[in-house]
Amino acid sequence: MIPRLAARRRGGVGLAVGLVIALLSGRAPLGAQGSELGRLTVPFEVGEQLTYDVKFGAIRVGSARLAVLGVRPIRDRNAWHVRFDIRGGTFFYQVNDAYESWMDVTTLNSLRFRQDQDQGSRERERVFEIFPERAVFQETWKQNREVASVRDPLDDGSFLYFIRTVPLEVGRTYSFNRYFKPDRNPVIIRVLRRERIQVPAGTFSTIVIQPIIKTRGIFAEGGQAELWMTDDEDRMMVQMKSRMSVGSLSLFLRSYRRNGSGAIQGTPSP
């Protein structure tokens, strides 16, 4: 997919988009405490699925999916299990990446993060075991080497779910120190404006935000990445655009389902 971008960044489109994204941080007010054993009230539920067209410039090069797969036990804690997939490419370069996060249902702290990257001739799987109570994480592919982390950690994949719980007041700038790799903090979120947009899934009123992260890629400092989140209690991401020296990378919501029993809204993928 996007050979020039892949050649310049080992992460390729999957990690760049990955929303993969963002790398979070700091103690901000999350959702209200729910009544089920302290579970936070959040704007997503099991079975939610968001499907996107991925474009490089004007060319559709693949598809992506954000999904809430369930609630699973991780080290005696209940955790949201969410997954981001991105697939596509050209006849000479293919990407098939998956990023999975497990987030404590009472805090949204990351407990486990898995990267499964298949980009061209390169394949890599990494699993991070994250321990918020000790502010450390383990790199399982390095014999569980232990590395210092932060309190209330978040990972690349959990970012889009965490940001849906933040108030997002237009004109405000939020600073977080929660990304599980401390040298990437703080992550800055600027809330730019309200905007009504049309994507394949329909027309939406949105709030536009700009993430800024201490990393190379589409959310780097000095970059021009923007996310469009629905201006309602759901805070779904309906569009993402990033302009870079090698071109523009965009995601457009094609279809969505709010829960496991709900109907699919929007346009099926071609």
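Cβ-to-Cβ counts within 10 Å put 111, 192 in ascending order as 192, 111, the fewest first.
Here the residues 52, 256, ranked from fewest to most Cβ neighbours within 10 Å of their Cβ, fall in the order 256, 52. Ordering 141, 80 from the fewest to the most neighbouring beta carbons within 10 Å gives 141, 80.
Projected label points at residue 198 and residue 59, each 7 Å from Cα along the beta carbon direction, are separated by 2.6 nanometres.
No lab work stands behind these numbers, since they all come straight from the coordinates. Small disclaimer: the values here were computed from a predicted structure and weren't measured. Every residue, glycine as well, gets a Cβ built from its backbone with ideal geometry; the counts of neighbours run over all protein chains shown.
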